[in-house]
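The values are calculated or read from the model by the stated rules, or taken from the named source; none is laboratory data. All values derive from a computational prediction rather than experimental measurement. Don't worry about glycine lacking a Cβ; one is built from the backbone with ideal geometry, like all the others, and counts go over all protein chains shown.
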Amino acid sequence: MEQSFESHQVNQNLNDAKMAGATGPVDSNRSSIATSVERAVETGALKVHGAIDASKDALHSGVRRADGAIADVKHNVDDAVNRVAQNPQVEEFTRGLEQQVRTHPVRTMAIALGSAFSLGAR
């Protein structure tokens, strides 16, 4: 495409001004906008990194609390099981149940199947 003489002259004058180090208002605005965008990106990146770090800290804290709670529950369940197992009434009940199973195996099986059916039928 052919340029007109005037258009060519304008382009030549702009190129000469750039080569001479002249800066115009367009270059100044462009530089200012670029700087503003860079600052905004950096600020946004810092905020995102800060939010990620805060989320990590909160997650780690929650995991530590959950681990402690689980350990407490496990300890309490172990204590309860030990107390029940050492209870003389439980030992007596267990011996009676074993004797019932040995003495009446068919009746015990029927009771177990009926219980399983009732609980499973919901």
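Sort out which residues of region 45-68 are more than 15 Å from the chain's Cα centre (by Cα) and among the β-branched types (V, I, T), and write them in order of number. I'd like the intermediate steps shown before the answer.
Residues of region 45-68 more than 15 Å from the chain's Cα centre (by Cα): 45-50, 65, 67-68.
Within region 45-68, V48 is the sole residue that qualifies.
Please go through region 54-96 and pick out each residue that is among the polar types (S, T, N, Q) and part of a helix (DSSP H, G or I). Can you show your working first?
Pass one, region 54-96, residues among the polar types (S, T, N, Q): 55, 61, 76, 82, 86-87, 89, 94.
Scanning region 54-96 gives S55, S61, N76, N82, Q89, T94.
May I ask you to verify whether M109 is of a type outside the set (D, E) and at pLDDT below 75?
On the way: of a type outside the set (D, E): yes; at pLDDT below 75: no.
For M109, the condition - of a type outside the set (D, E) and at pLDDT below 75 - is not met.
Quick grid of which residues meet (1) loosely packed, with under 10 Cβ neighbours inside 10 Å; (2) at pLDDT 90 or above:
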residue: S32; (1), (2): no, no
residue: V48; (1), (2): no, yes
residue: K56; (1), (2): no, yes
residue: R83; (1), (2): no, no
residue: T103; (1), (2): yes, yes
